[in-house]
Each structure stands twice: as structure tokens, then as C-alpha cells.
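*Asks:* Dropping a structure here in C-alpha cells format, bear with me for questions.
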Amino acid sequence: VILAAGLNYLMQKFLGVTLPSMTLRLGPFLLALLLGPGVSAAAACLPAWHVSRRPPLLELLPQQRHGEEVLPHRLWQLGLLLLTLGVGLEIALGYSSFSDTVRRHLLAPALALLLIGGVLALPLVIVPLLRLLTIWPLGLEGRFAVQQLARHRSRTSLTSGVLFLALVAAIAFGQALQTTLRDLQNWYRQTIVADFLVRGAMPDASFTLAPALPESLAEEIRCCGDVVVDCISFLPAEAEDQQVLVLARTFAADRPLPLDLHEGDESGVRRGLLSGEVVLGTSLAQRLGLHRGDVLKLTTTQGARALRIAGTAVEYAGGGLALYLEWETARKLLGVPGVHVFLISKRAERRPGTEASALASNLRSFCERRHLLLQSNADLRSLIEGMLGRVSGALWGLMALAFAAASLGVVNTLTMNVHDQTREFAVLRALGLKRGQVCKVVVIQAVLLAVLSLLPGVLAGVGMAYAIHRASAVWTGAVAPFQIDILLLLGACAMAVAMAVLAALSPARQAIRLSVATAIQAG
């Protein structure tokens, strides 16, 4: 709980936003008990049963060695079964007529089946790869490392499975976040097309607490230069028993429609808006199950009104639960209190540099006299890009945290391997193996543990990212195409290998500090 509170504080400072405060409830602690000690106790049943069946006299024999291969050799069959169930459930979610509520509840079990099945079936990939590595010219140290990993296949598979899980989670959720960020960049580049913005203050996250400005200021702004001034206002409302954010704005006839349209063409949507129709955000349209040409019931000052939907557009304001109305239509239906943002655009035929600087100077003087906030398009985009960059940085930080946790499993496995190889290392050291070579054997084992998980982890991570993307498209109406982020894949793979190497430092130090004489006598 203390670390969670600290992480929440650091994220607020890093992202520059206020996150919801942490609320302590009984449910998460009960879940933690179930997934922590509960799962550990369940996992101990198989080793305990295996140890209890060993003959006591056999354990007392000198020089008796027993491996830790307590997992059933055919456990991969269960893994294949779970994988098949997970894939089948994903296909059913994608192509069946399940309701959105059912799909939301079934997605988590489907992903869990895929992950658990992937880990259990991992030996089907690990064992052939280990056999392939035995015939590669890896040198003396490499052969020793491969032999030790192959000797304890269950231990190797389970440790690679931990890295596999970290890699899948990093790629899947990182890919989903990067897709959202690309869609967000495309959205604001198409919707925020004004050269300057004038407002009373920066809006809050809900866009409902911004101060409204008199509409008459538009005429004064036009006196600052040859510009087109559009007005926009954010109005909370209710549509189809759903709380929504109405974006009331003017649309200049001589400029492109500033909407990232999903359904409908520009000319048809413009005509519809001017005739009193509405444009829904894709998330709101998906939630309500409405499309272009349908009718939306909007609660207005005159009661419920049925408005035809002219089209849908990508919109992130109000959490995506937003809709567009033309300014005069919104004034009649909702009573616009004023202007929250003036969007100022230079006319296309008047863009010389001297006139642009003069316009910026005039607007700055105007805003200083009126105590208003002036933002250029470049400043606003720089602000948004900075926030998106910090979100990407937070993503890489969380990925590093996931791999750091996974590296603990690598430390445990390598420490056990060093313990099992104590006498072998001592004999090799007596025959002339140097300390650096011993260290190299341990480090190569760590690298191989990471490499064995890379191919299945990348494939499973991309597949899960696609499943999450498809689920988001179904539930939120997102229209961003699925694109594989090569930089993210390479970064996750490099991070997995780097964390594995760092995890090898302590076991390697333990191996090179072995006393040759003591180890041989103990053996």
C-alpha cells in the first residue's frame, strides 16, 4: 500500500496531472490474499506430494542426487488445451452476437486462458530450442551453460515462463497504449486546426468548469487582423439517459470541417449540422448502439428532442462521451451561456510572415488588456506532445518495473544452478578454468533464459495486443488501425535481456568466490 501510494505520487509529478486518490477497500485485499498466499499454497501441493512419495532409505544413500523435475512431463497437453479454449473464446467474442456486457466479462477469462496455456505449453518451444543450442558453436562456456539449462528443463521452462509473462504484458499493453496515443495525435491534428486559441482559463479534465466569455468578444478579436473566428462551448447534458458533453461550435463555411469523421462525408455532415442534426463521438455512438441516420433523444430546455445523427467522429473530450451541435442549434436547445474558447484562424490568402507576427502581437495585447489566456497552435501542440511523451515515458518505466520483478525468478534459478554446479565448477577450476570463464558461464545462462522467451513472448504479446485492440474497437468505437510498434518490440526484448544479465551478477559473484578445495571435499 505504501509503495502504491508512492507510485501514484510519482506518476502525478511525472505526468503533470492530478490522479484519483487511492481508496482503501476490503475487496482488493481479499483478492490479494487469494492471488498471493492462496496461489502459493496451491502451487505447493504438487511438490509436497512428490516429495512425500520418495523412499526414505533412498534419500539417505550417499552421493544421491535428485533433480527438481516435479512437474508432470505432459503438462504441455494441459497448456495446449487452455490455449485452444482461449483462442476459441477470443474468436467467439470477435464474431458472435454477444452483448457488450458479456464481452467485457469474458475478455479477462479469455486472456487468462491464453497466458496460463502459453506458460504451460512453453516447454514445447523451450526443449527444441535447447536441443538446437547444443549443436551451435557457442564455445566452452556456452556449452556448459546450455548443458546446465537442459539438465533442469522444468526449472528452465518455468523461469523462461516468468520472463515470457513479463514480455507479453509489456508488449500487449504497451502496444495498446501506443495505438491510443497515435490515434490521439491524429485526432487533435484534425480537430485543433486554429492558429490561435483565446480562453478565460485552461479547462479542467471534464471541460465543465471553464469560465464562459461573452460572445461579443468575437467582433473585437476580428479587429486584431484579417481572421476567421469560431466559437466553441462545452455543455453538460443528457442523451438517452446517458450523461454526455455537448460541444457547441460554429463551423466556418470557407474552411475544412474540423472533425475526425468516422461515419459520413464532410459535405453531408456539414449540411446536417447546419440543419440541426448532431454528430456523435464514436465512443458514445458505440455505447448507445447508434449510427449515422439514426435518431438520438437529447434532453433540452424544452424537454426531450429527437435529433437525427448526421455522422460520427472520433472525440476524446468528456472521456469520448461527447457530441457536436452547431452553435445556433445548441443556443436554441440548450441555452449556450457563452464562449469557452475562441478559435482564431488566419485567412488562407493572407499569410505573410510580417502580418502573422503583427496578428500575434495584436492578440497578445488584446488578451493582456482583457486578462485572457492566449495560446498559439504550436504552443498547444507542444503541450499535448509533451504530455503524450510523458505518458510514453511512464510506459517504459512500468515495463522496466515488470522486468525487474521477473528478474527475481532469474536470480533464483541461477543461484540454484550455481549450487548444483558447485563441484563441477570446482573441478573445472582445478583443471584451469579461470574466474572470468566461470562468470561467463552464469551470464550466458541468464542470456539464454531471456532469449528462449523472446520468440514466444513477442508472438503472444502481439496476438494479445491485437485482441485488446479489437475489444477496444468493439466497446469504444475506436477506429485507429492496428499497427505493430517495432521500436516497442525491440525495446521490450532488449529490456528483458538486460534485466536477465543484471540478475546474473549476484549468482556469478557467488560462483567465482567458491573455494575449490572446500567444494571438492563437500562433493
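The values are calculated or read from the model by the stated rules, or taken from the named source; none is laboratory data. Every value quoted in this text rests on a predicted model; they were computed, and no experiment measured them. Using ideal geometry, Cβ is built from the backbone for each residue, glycine included, and neighbour counts are taken over all protein chains shown. What goes into the accessible areas is simple: the full protein's heavy atoms, side chains included, and nothing from ligands, DNA or RNA. Shrake-Rupley method; radii C 1.70, N 1.55, O 1.52, S 1.80 Å.
*Asks:* Between residue 150 and residue 484, take the C-beta separation as r, use R0 = 30 Å, and let me know the FRET efficiency to the nearest 0.05. Don't jump to the answer; show the numbers that get you there.
*Replies:* Working: r = 33 Å, r/R0 = 1.09.
Taking R0 as 30 Å, the efficiency between residue 150 and residue 484 is 0.40.
*Asks:* Right, another one. Within segment 308-339, whose backbone N sits under 20 Å from a point 7 Å along Cα→Cβ of residue 267?
*Replies:* 310-312
*Asks:* Filter the trypsin sites (Lys or Arg not before Pro) in segment 377-459 down to the DSSP loop ones having no more than 15 other Cβ atoms within 10 Å, then list what survives.
*Replies:* Numbers: sites: 381, 390, 423, 429, 434, 435, 440; in loops: 434.
Filter output for segment 377-459: 434.
*Asks:* From the backbone phi of segment 334-342, what are the Karplus-calculated ³J(HN,Hα) couplings (6.51 cos²θ - 1.76 cosθ + 1.60, θ = phi - 60°) in whole Hz, Gly and Pro given as x?
*Replies:* Running phi through 6.51 cos²θ - 1.76 cosθ + 1.60 with θ = phi - 60° gives 10, x, 5, x, x, 9, 8, 9, 9 Hz.
*Asks:* Taking 0.36 nm per residue of sequence separation and subtracting the Cα-Cα distance, how much length would be gained by fully extending the chain between residue 369 and residue 202, in nm to one decimal? If you can, show how the numbers build up before the last one.
*Replies:* Working: separation 167, 0.36 × 167 = 60.12 nm, distance 1.80 nm.
Between residue 369 and residue 202, full extension yields 58.3 nm more.
*Asks:* Okay, moving on. For segment 133-206 and segment 242-280, what is the centre-to-centre distance using only Cα atoms, to the nearest Å?
*Replies:* When both Cα centres are located, 37 Å separates them.
*Asks:* If all Cα-Cα distances of the chain are sorted into 20 Å bins from 0 onward, what percent lands in each bin, rounded to whole numbers?
*Replies:* Using 20 Å bins, I get a P(r) of 17, 40, 26, 14, 3, 0 for the chain.
*Asks:* Further question on the same structure: Below 8 Å between Cα atoms, with a sequence gap of 6+, how large is the relative contact order for the chain in percent? Walk me through the numbers on the way to the answer.
*Replies:* Working: 683 pairs, mean separation 107.5, N = 523.
In percent, rounded to a whole number, it is 21.
*Asks:* Would you please give the FRET efficiency between residue 347 and residue 185, computed as 1/(1 + (r/R0)^6) with r the Cβ-Cβ distance and R0 = 41 Å, to the nearest 0.05? Don't skip to the answer; put the middle values down first.
*Replies:* On the way: r = 27 Å, r/R0 = 0.65.
Plugging the Cβ-Cβ distance into 1/(1 + (r/R0)^6) gives 0.95.
*Asks:* Go through 108, 330, 494 and say which Cα lies farthest out towards the positive end of the charge dipole of the chain; charges sit on Cβ, +1 for Lys and Arg, -1 for Asp and Glu.
*Replies:* 494
*Asks:* A further question on this structure: Quick check: convex hull of the Cα atoms in segment 322-414, volume per residue, rounded to a whole Å³?
*Replies:* On the way: hull volume 21.3 nm³, N = 93.
Spelled out: Cα convex hull of segment 322-414, divided by residues, is 229 Å³.
*Asks:* Sticking with the crude label model, points 7 Å out along Cα→Cβ, report the distance from residue 226 to residue 25 in nm, one decimal please.
*Replies:* Simple spin-label model gives 6.0 nm for this pair.
*Asks:* For q = 0.12, 0.14, 0.15, 0.17 Å⁻¹, what log10 I(q)/I(0) does segment 127-273 give under the Debye formula with an equal point scatterer on each alpha carbon and no solvent?
*Replies:* -0.72, -0.90, -1.01, -1.21
*Asks:* Right, here's the next one. Considering amide H positions built from the backbone, and no H for Pro or chain starts, which residues 5 or more places from residue 244, or on another chain, come under 5 Å of its amide H?
*Replies:* Close amide H contacts, sequence-distant or interchain: 237, 238, 239.
*Asks:* Right, something else. Find which of 388, 362, 342 sits farthest along the positive direction of the dipole of segment 308-412, computed with +1 on the beta-carbon of Lys and Arg, -1 on that of Asp and Glu, about the Cα centre.
*Replies:* Going by the charge dipole, the pick is 362.
*Asks:* Tell me which residues come under 5 Å, amide H to amide H, from residue 213 once H is placed; ignore anything under 5 positions away on its chain.
*Replies:* 339, 340
*Asks:* Can you give me the % of accessible surface on segment 363-484 that is carbon or sulfur? Probe 1.4 Å, all protein chains present, nothing else counted.
*Replies:* Values: 3670 of 5670 Å².
Looking at segment 363-484 in its full context, I get 65 percent from C and S.
*Asks:* A follow-up question, please. What does the charge dipole of segment 358-420 about its Cα centre add up to, to the nearest 20 debye, if the Cβ of each Lys and Arg holds +1 and the Cβ of each Asp and Glu holds -1? It would help to have the intermediate numbers written out before the result.
*Replies:* Working: 5 positive and 4 negative charges, 100 e Å.
Charge dipole of segment 358-420: 480 debye, to the nearest 20.
*Asks:* So if we plug the beta-carbon distance of residue 212 and residue 466 into 1/(1 + (r/R0)^6) with R0 = 30 Å, what FRET efficiency do we get, rounded to 0.05?
*Replies:* Working: r = 44 Å, r/R0 = 1.46.
Approximately 0.10, to the nearest 0.05.
*Asks:* With each label point set 7 Å from Cα along the Cα-Cβ vector, what nm distance links residue 423 and residue 392?
*Replies:* Result: 5.5 nm between the two label points.
*Asks:* Something else: If contacts are Cα pairs under 8 angstrom and at least 6 residues apart, what is the relative contact order of segment 127-226 in percent?
*Replies:* On the way: 22 pairs, mean separation 12.3, N = 100.
RCO, segment 127-226: 12 percent.
*Asks:* Any chance you could check the Cα centroid distance between segment 381-435 and segment 282-318 for me, in angstrom?
*Replies:* Segment 381-435 and segment 282-318 have Cα centres spaced 50 Å from each other.
*Asks:* For segment 267-371, divide the Cα radius of gyration by the Kirkwood radius and give the resulting Rg/Rh value with two decimals.
*Replies:* Details: Rg = 18.0 Å, Rh = 16.3 Å.
With Rg and the Kirkwood Rh in hand, the quotient comes to 1.10.
*Asks:* With label points built 7 Å along Cα→Cβ from the Cα atoms of residue 57 and residue 41, find their separation and express it in nm.
*Replies:* 3.7
*Asks:* Give the accessible area for residue 324 in Å² (nearest 10); use a 1.4 Å probe, count only protein heavy atoms, and leave out ligands, DNA and RNA.
*Replies:* Here the accessible area works out near 10 Å².
*Asks:* Related question: Tabulate in residue order the Karplus-calculated ³J(HN,Hα) for segment 243-251, using 6.51 cos²θ - 1.76 cosθ + 1.60 with θ = phi - 60°, rounded to whole Hz; enter x for Gly and Pro.
*Replies:* Values per residue, Gly and Pro as x: 5, 10, 10, 8, 9, 8, 7, 8, 10 Hz.
*Asks:* Projected onto the charge dipole of segment 383-458 (+1 at Lys/Arg Cβ, -1 at Asp/Glu Cβ, origin at the Cα centre), which of 414, 400, 438 gives the Cα projection farthest towards the positive end?
*Replies:* Checked the options; the winner is 438.
*Asks:* No solvent, one uniform scatterer per C-alpha: report log10 I(q)/I(0) for segment 204-323 via the Debye equation at q = 0.13, 0.14, 0.16, 0.22 1/Å, two decimals.
*Replies:* Evaluating at q = 0.13, 0.14, 0.16, 0.22 Å⁻¹ gives log10 I(q)/I(0) of -0.55, -0.63, -0.81, -1.34.
*Asks:* On full extension of the chain, what length is gained from residue 254 through residue 291, given 0.36 nm per residue of separation minus the C-alpha to C-alpha distance? Let's see the in-between values first.
*Replies:* Working: separation 37, 0.36 × 37 = 13.32 nm, distance 2.75 nm.
Value of the extension gain: 10.6 nm.
*Asks:* Per 0.36 nm of contour for each residue apart, how much would the distance between residue 412 and residue 381 grow if the chain were fully extended, relative to their Cα-Cα spacing?
*Replies:* Numbers: separation 31, 0.36 × 31 = 11.16 nm, distance 4.73 nm.
So the extension gain works out to 6.4 nm.
*Asks:* I would also like to ask the following. Taking the Cα centre of the chain as the origin, how large is its charge dipole in debye, to the nearest 20, when only Lys and Arg (+1) and Asp and Glu (-1) carry charge on their Cβ atoms?
*Replies:* Values: 45 positive and 35 negative charges, 406 e Å.
About 1940 debye.
*Asks:* Another question about this same structure. If you add up the charges near residue 373, with Lys and Arg at +1 and Asp and Glu at -1, over every other residue whose beta carbon is less than 12 angstrom from its beta carbon, what do you get?
*Replies:* Working: positive: 199, 364, 370; negative: 368, 379.
Local net charge: +1.
*Asks:* Amide H of residue 231 versus every other amide H placed in the peptide plane: which residues, excluding those fewer than 5 positions away on the same chain, fall under 5 Å?
*Replies:* Sorted by chain and number, the residues that satisfy this are 250, 343.
*Asks:* Over segment 354-500, calculate the relative contact order: mean separation of alpha carbon pairs under 8 Å at least 6 apart, over the residue count, as a percent.
*Replies:* 31
*Asks:* Counting only heavy atoms of protein chains, what accessible area per residue, in Å², does segment 374-465 have with a probe of 1.4 Å?
*Replies:* Working: 3930 Å² over 92 residues.
In whole numbers, segment 374-465 has 43 Å² accessible per residue.
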